[in-house]
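K.L.:
Attaching a single structure in structure tokens format; questions to follow.
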Amino acid sequence: MGLAGMLNALNFSPLSSLTSLNLTFNKLYGSIPPTISALSKLTSLDLCTNNFTGTIPLQISSLTKLNSFNLSENQISGSIPPWLSNMTRLNFLYLSDNNLSGTIPRELGRLGNLLELTIYTNQITGSIPPTLGNLTRLQLLDCSNNGISSSIPAEIGNLAELTMLELSQNNLTGSIPNWLGNLTKLNILYLWDNHLFGSILHEIGNLVKLTGLSLQQNSLVGSFPTSLGNLTKLEFLYLFENQISGPIPLQIQNMVSLTDLEIDSNHLDGSIPSSIGNLTKLEILHLYENRISGPIPHEIQNLVSLTDLEIDSNHLDGSIPSSIRNLIKLEILHLYENRISGPIPHEIQNLVSLTDLEIDSNHLDGSIPGSIGNLTKLEILHIYENRISGPIPNELGNLRKLNELLLYNNQISGSIPPSFGSLTNLTDLRLFNNQLSGSLPQEFNNITNLKKLELGNNNFSGHLPHDICKGGVLYYLSLESNHFEGPISKSLKNCTSLVRVRLEHNQLSGDISENLGVYPHLWYIDLSFNRLSGKLSPNWGGCHNLSLLRISSNKVTGSIPAELGKLTRLQELDLSSNYLSGEIPKHLSKLTNLYNLTLSNNQLVGEVYLEFGELYNLQFLDLSANQLRGRVPEQLGNCMNLQLLKLGNNHLNGSIPFQLGNLVYLQDFLDLSHNSFTGKIPSQFGKLNMLEVLNLSHNELTGPLPPSLSDMMSLLSVDLSFNELEGPLPNNRIFQNAPIEWFAHNKGLCGAVKGLPSCGSFTTSKDDANKHHKLFLLITVPSLLFLFVVFALLIMRRKKYAINNASIEEGGFSIWNFNGEGAYNGIIQATENFDAKYCIGTGGFSSVYKALLPSGKLVAVKKFHLLEIENSPSKQTFWNEIWALTQIQHRNIVKLYGFCSNG
């Protein structure tokens, strides 16, 4: 019917003799007019499938002759009125598919003549009232799709005439009551999608008239009861998504009327019984997501009516039986995620009705049979994650309805056949992780509806398809780790649908700014390890959803565009190993979601901004191998999540900020090497007890190593070489067992490391200490009464990377740590007992001599005059100079290597 509008203006009085009013399937709306009560002789009132709103009017209670009242499929609200119990002649009460709320009124138990009661798809809560057990004539009860809770009352067991009991999609709890076995007239029993627990009772086997049993999506446990074999009229059995365990019973062979058997997503084990071949009417068989093992029985060939066979995600083994050729009606075949081995049988060509074939994630081997090209209705073909080898057969080009072709993670070789150009409906093509090679055929450009294209980790070569995004729907492009060359396809420039792009590890070239545009949905792009050139476009700032941007190891020049600071969702930025110049944009400090910032191996200048200390989520910061200058900001110590910090190979100077010791999660690397850092190593570094690699080499660090370094228990590698460090090594296994290379070219480190002097050689004996002043280095020669000091003759400024010019204390002066008399004799020999021809300067209290030692080292020796030094003021001058030279360290002041006093 086509009636529309409201009933409020309608005068029902002239229709007082009407006995039946049917207004179903119209477009009536508004509230039900109370004046409808004027139809006092009505026995049937049907207002279903309209848009009535409001509540059920009280005046309807006067229609006491009604035996059928249907308000279903409207938008009636409010609660179910208790006064409905006054309509005692009712046989049929339909209130389903409305917006009714509240509870089921217990008064409905007075409707003793009721045959059918439906209140499904409302918002009813509370429990099922026990009074419904009084409706002993009831044949149909449907309370499904509400919010009814509690357990099923035992009184429902009194409804012996029930043929349909539908209580699914509620919040019912408790176990399945055994009295259900008494409702022997039941045809339909639906209790699915509740919170029922316990086992399926043996008494269910008494319901021999059942045609439909749905107990799925509960928490049922225990085994599959053998008594279900009594249900020979059962047409569909749904037990999926429970916790049923044990084997599938042999008695299932008796359920010969079954057309739909779905017992998936349980804990069933054992094998598929061969007796399942008796169920010749089966159209749907779902056994997936269980623990079923053993082979697929050959008897499955008897299930000639099957259209859907899903036995995936089990422990099935053996091969795909050739007898599967009989299942010519099969449309869906899922065998994936098992342990099936052997080749794909050629007999699969008989399954000409297949639209979905998924045999991935098994141990299948051999090649893809060309006969698979007979399955011309196929829309989905998944053979990935097997051991398939050989080429892709040309016959795949016959599958012109194919939407998904997934062959990845195999050992497929050869090239993509030109016949692929016929697969114009293809939206998802994944061939990655194989051994495919050659260029993509020209016909590949015919595939214009691709949404996903993944060809990574193969040996493809040649150019990218120029029409790769012609259809404008490509969102996932993954071509990484191949040998593609030439420019990026121009069709990608306007491909605004892109979400994820991986082109890394190829040989792509050309200007990076020419063929890339603005991508509003892009969140991941990796162009690393190619030959791309040109400058970074400011347009990258328009990719607002970008979370990862990698363009490392290319030939990109120019500066980093400040517009990257607009990418507030960016988590990883890697522009390393290019030819980028200029300063790091300060705007990058606004990217507070960054966890990885890698700009190493470029030509960047300027300083490390203190604002970088606001990148609290940063875990990896690598600015190494640039030309950065200035001090390291102490604010970097606020980046508490850092696991790696590399600032090496720059021109950074000043002291190392002690705040870096707050980076207690540093684990992978702390590299400050090849800079011009001065001062001492911060003692706070001892807190970095997770750090594995520490590199402070090639700086100008001075002073002793802080003892707290012994707390760095995770260290695997330390490099402190080429500094001015001195004193003993920390008492730590990694330091004590280290190679000498880690400490080479320092001022005076000592310890148990082979090649370093013993720390004991730096101090005098107790007896000597009583006779002489405490001196840095003491040499006593009884036959000589003089004082002298040895300095570096030349003012040596160590270059940052000059490893080949060892510092003057190396080699020639290691002797001073062990044999004072030998060192003295070397000086006497070099100056021919301080001959005047070696004198290069004379002062009031001393003379300076040039000495070329036997080792080839050139030094200056300052000798104080014996007579002048005897008076106290002059002697004090000597000690003052010694004290000053041991305290002051500067690149423009000569270095003190030793002195001697004998009196």
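The values are calculated or read from the model by the stated rules, or taken from the named source; none is laboratory data. Since the structure is predicted, the reported quantities are computational estimates derived from the model, not experimental observations. All Cβ positions, glycine included, derive from the backbone under ideal geometry; neighbour counts span all protein chains shown. Remember, those area values only see protein heavy atoms, side chains included, never the ligands or the DNA or RNA. Shrake-Rupley method; radii C 1.70, N 1.55, O 1.52, S 1.80 Å.
K.L.:
Could you sort the peptides 214-223, 672-681 by per-residue average Cβ neighbour count (10 Å cutoff), highest mean leading? Show your work: numbers first, answer last.
P.N.:
Details: 214-223: 18.8, 672-681: 20.7.
Ranking the peptides 214-223, 672-681 by packing returns 672-681, 214-223.
K.L.:
Take the alpha-carbon positions of the range 649-752, form their convex hull, and give its projected area averaged over all directions (one quarter of the hull surface) in nm². Walk me through the intermediate numbers first.
P.N.:
Numbers: hull surface 21.7 nm².
Computing the convex hull of the Cα atoms and averaging its projections yields 5.4 nm².
K.L.:
Report Rg/Rh for the range 660-699, rounded to two decimals, where Rg is the Cα radius of gyration and Rh the Kirkwood radius.
P.N.:
On the way: Rg = 10.1 Å, Rh = 10.6 Å.
So for the range 660-699, dividing Rg by the Kirkwood Rh gives 0.96.
K.L.:
Say the cut-off is 20 Å between C-alpha atoms; which of Lys646/Lys747; Lys747/Lys863; Lys566/Lys586; Lys233/Lys281; Lys555/Lys586; Lys493/Lys535 go over it?
P.N.:
Numbers: Lys646/Lys747 25 Å; Lys747/Lys863 23 Å; Lys566/Lys586 12 Å; Lys233/Lys281 12 Å; Lys555/Lys586 23 Å; Lys493/Lys535 16 Å.
Exceeds cut-off: Lys646/Lys747; Lys747/Lys863; Lys555/Lys586.
K.L.:
Also: Out of Ile380, Ile248, Asn206, whose Cα points farthest toward the positive end of the dipole of the chain (charges: +1 Lys, Arg; -1 Asp, Glu; placed on Cβ)?
P.N.:
Among Ile380, Ile248, Asn206, the one farthest towards the positive end of the dipole of the chain is Ile380.
K.L.:
Could you work out the percent of alpha carbon pairs in the range 322-474 separated by over 28 Å, rounded to a whole number? Before the final figure, lay out each step's value.
P.N.:
On the way: 1722 of 11628 pairs.
Beyond 28 Å sits 15 percent of the P(r) for the range 322-474.
K.L.:
Report the extension gain between Asn459 and Thr24 in nm, rounded to one decimal, defined as 0.36 nm multiplied by the number of residues separating them, less their alpha carbon distance.
P.N.:
Values: separation 435, 0.36 × 435 = 156.60 nm, distance 6.63 nm.
Contour length minus Cα-Cα distance gives 150.0 nm.
K.L.:
So, one more: Report the full-extension gain for the segment Trp179 to Ser31: residue separation times 0.36 nm, less the Cα-Cα distance, to one decimal in nm. Walk me through the intermediate numbers first.
P.N.:
Numbers: separation 148, 0.36 × 148 = 53.28 nm, distance 4.23 nm.
Extra length from Trp179 to Ser31 when fully extended: 49.0 nm.
K.L.:
Related question: Determine how large the accessible area of Ile348 is when every protein chain is in place; take a 1.4 Å probe and give Å² rounded to the nearest 10.
P.N.:
Looks like 0 Å² after rounding.
K.L.:
Once you sort the root eigenvalues of the Cα gyration tensor of the range 195-261 as a ≥ b ≥ c, which label holds: rounded (a/c under 1.5), prolate (a/b larger than b/c) or oblate (the other case)? Mind dumping the intermediate values first?
P.N.:
Values: a/c = 1.65, a/b = 1.48, b/c = 1.11.
Note, shape of the range 195-261 comes out prolate.
K.L.:
How large is log10 I(q)/I(0) at q = 0.21, 0.22 Å⁻¹ when the Debye formula is applied to the Cα atoms of the range 38-85, each weighted equally and without solvent?
P.N.:
For the range 38-85 at q = 0.21, 0.22 Å⁻¹, log10 I(q)/I(0) is -0.77, -0.85.
K.L.:
Moving on. Considering amide H positions built from the backbone, and no H for Pro or chain starts, which residues 5 or more places from Tyr849, or on another chain, come under 5 Å of its amide H?
P.N.:
Residues meeting the criterion, in which the H sits 1.01 Å from N, are Ile840, Val861, Lys862, Lys863.
K.L.:
Given R₀ = 30 Å, what would the calculated FRET efficiency be for Asp511 paired with His483, taking r from the Cβ atoms and rounding to 0.05? Before the final figure, lay out each step's value.
P.N.:
On the way: r = 21 Å, r/R0 = 0.69.
So, using R0 = 30 Å, E works out to roughly 0.90.
K.L.:
Using a simple spin-label model with points 7 Å from Cα along the Cα→Cβ vector, what separation in nm is obtained for Lys680 and Arg531?
P.N.:
Going by the 7 Å Cα→Cβ label model, 5.5 nm.
K.L.:
Would you calculate, for the chain, the mean residue ellipticity at 222 nm contributed by helices, counting each DSSP H stretch of 4 or more residues as -39,500 (n - 2.57) and dividing by all residues, to the nearest 500?
P.N.:
On the way: 5 runs with 42 residues, N = 903.
Calculated at 222 nm, the ellipticity per residue is -1500 deg cm²/dmol.
K.L.:
What ranking of Ser16, Ser227 comes out by heavy-atom accessible area, probe 1.4 Å, highest first? Spell out each step's value before the answer.
P.N.:
Details: Ser16 50, Ser227 5 Å².
Correct descending sequence by accessible area is Ser16, Ser227.
K.L.:
Could I ask something else about it? Just read off the accessible area of Glu504 with the full protein assembly in place, 1.4 Å probe, to the nearest 10 Å².
P.N.:
Taking all protein chains as shown, Glu504 has close to 10 Å².
K.L.:
So how strong a dipole does the chain carry about its Cα centre when Lys and Arg Cβ are +1 and Asp and Glu Cβ are -1, to the nearest 20 debye?
P.N.:
On the way: 58 positive and 73 negative charges, 472 e Å.
In total the dipole reaches around 2260 debye.
K.L.:
For the chain, what % of the accessible area comes from carbon and sulfur atoms, probe 1.4 Å? Each step should come with its number before you reach the end.
P.N.:
Values: 18020 of 37430 Å².
Exposed carbon and sulfur together represent 48 percent of the surface.
K.L.:
For the chain, report the accessible area per residue in Å² (1.4 Å probe, heavy atoms, rounded to an integer).
P.N.:
Values: 37430 Å² over 903 residues.
I get 41 Å² per residue for the chain.
K.L.:
Using only C-alpha atoms and all pairs of different ones, pull out the Kirkwood radius for the chain in Å with one decimal. It would help to have the intermediate numbers written out before the result.
P.N.:
Numbers: mean 1/r = 0.0273 Å⁻¹.
With all distinct Cα pairs of the chain included, I get 36.6 Å.
K.L.:
For the range 309-358, report the % of Cα-Cα distances exceeding 13 Å.
P.N.:
Every Cα pair in the range 309-358 considered, those over 13 Å come to 57 percent.
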